[in-house]
Amino acid sequence: MTQLDVVGLAMHSEPLADENFLGLPFASLDMAEAVKVVEQASLGGAWRYVVTPNAAHLARLYKGDANLERIYRNAWLCLLDSRVISRIARRVGLRPPPVVAGSDLCEVLFREVISPSTPICVIGGDDSCINTIKSRFALTNVHHMNPPYGFWRSEEEVAKAAAFIVASRADYTFLAVGSPQQEVLAARVAEIGGARGVGLCAGASIQFLSGAQKRAPRFVQQMACEWAYRLLQDPRRLARRYLVESPLGVLFVLRHALRRPDAGRSLRRRDAAGY
């Protein structure tokens with residue numbers, strides 16, 4: 001994809017979907033292309049939000065979460081955030097889009113794109129976490145709100161958070177309140193209108209950037225084992241996510257593979273080839 005193609009994509013407010021994977025409208029962009037598209041879109045007038053489904057997110061779709069599926073379908077940019085899902089999908093004959101981890105995308109934006117004076121908004125994270133990030137990146141124009149736990153179940157609290165985002169007029173809004181609450185909030189901002197810039201459903205990215213949580217070494221990430229690294233760090237909090245929920249995301253992939261008309265022939269061919 002050329003530089004001109006990437007800039008052209010960023011100017012469109014419609015979803016950048018060119019890959020139907022698992023029934024979702026993913027964009028076939030690598031990291032460099034995704035960063036450039038998001039950077040260009042941040043300068044536009046219309047609010048656009050980015051989602052990065054991983055195995056735990058796909059588990060909710062497996063269980064029939066129609067609202068989350070709608071939010072994903074309406075996202076401006078949908079990127080795959082799971083090397084495990086990518087590898088399993090290829091193993092069963094599917095063609096996944098490139099993996100662009102949300103945490104990596106946010107880190108590149110902070111390190112290479114966002115300047116000290118860039119207006120940004122962060123939803124989630126405590127004051128200590130935000131102050132560390134402000135100091136680390138010399139940020140001078142940060143709008144921060146940390147909604148109460150369970151806020152997404154309250155129309156009033158969601159409205160407050162959405163209004164805060166609209167008023168911030170930020171180029172980049174990092175929604176770091178976990179899933180599906182961050183996706184629900186991103187969609188609500190799109191519905192009410194008036195916001196600008198790009199909203200990124202950031203998950204634990206802000207925690208990683210502040211050093212509150214540690215990411216796995218790069219070679220562990222490349223082996224698709226970051227989930228195991230994080231599980232060992234915080235087993236009490238993450239055991240259910242990685243040992244109960246995420247396997248349902250794998251089942252979601254297998255279900256789509258088995259529904260393909262040529263599923264049986266494809267799997268037999270791959271087995272015969274020694275995959």
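Values for this structure:
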read-out: Residue in region 184-195 that is among the basic types (Lys, Arg) and at pLDDT 95 or above present; value: yes
read-out: Those residues of region 107-131 which are loosely packed, with under 15 Cβ neighbours inside 10 Å and under 22 Å from Glu33 (Cα atoms), in sequence order; value: Arg111, Glu112, Ser115
read-out: Helices (runs of 4 or more DSSP H) completely within region 132-228 that count 3 or more residues being surrounded by 15 or more Cβ atoms within 10 Å (Cβ to Cβ); value: 155-168, 181-192, 205-210
read-out: Neighbours by Cβ (under 8 Å, 6+ apart or cross-chain): first from region 38-56, under 30 Å from Arg240 (Cβ atoms); second among the basic types (Lys, Arg) and surrounded by fewer than 22 Cβ atoms within 10 Å (Cβ to Cβ); value: Ala56/Arg241
read-out: Condition broken by Glu39, with the remaining ones in (1) at pLDDT below 95; (2) among the acidic types (Asp, Glu); (3) crowded, with 19+ Cβ neighbours inside 10 Å satisfied; value: (1)
read-out: Count of residues meeting criterion [part of a helix (DSSP H, G or I), among the small types (Gly, Ala, Ser) and modelled with pLDDT under 90] in region 251-275; value: 4
read-out: Matching residues in region 49-106 - criterion: being closer than 27 Å to Lys214 by Cα and aromatic (Phe, Trp, Tyr); value: Tyr49
read-out: Residue satisfying condition, being among the acidic types (Asp, Glu) and at pLDDT below 95, within set Glu155, Glu107; value: Glu155
read-out: Subset tally (residues that are under 13 Å from the mean Cα position of the chain (by Cα) and surrounded by fewer than 20 Cβ atoms within 10 Å (Cβ to Cβ)) for region 19-34; value: 1
read-out: Lone unmet requirement of (1) in contact with a Ser or Thr (Cβ under 6 Å, 6 or more places away or on another chain); (2) more than 22 Å from Leu58 (Cα to Cα) for Thr118; value: (1)
read-out: Leu248 being surrounded by fewer than 15 Cβ atoms within 10 Å (Cβ to Cβ), at pLDDT 90 or above and closer than 21 Å to Ala59 by Cβ; value: no
read-out: Qualifying residues in region 35-94 (those that are among the hydroxyl-bearing types (Ser, Thr, Tyr) and under 20 Å from Leu258 (Cα atoms)) - the one nearest to the chain's Cα centre (by Cα); value: Ser86
read-out: Filter result (closer than 19 Å to Lys214 by Cβ and charged (D, E, K, R)) within region 129-143; value: Arg136
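The values are calculated or read from the model by the stated rules, or taken from the named source; none is laboratory data. These numbers were taken from a predicted model, which means no experiment stands behind them. No Cβ is skipped: glycine too gets one built from the backbone with ideal geometry, and neighbour counts run over all protein chains shown.
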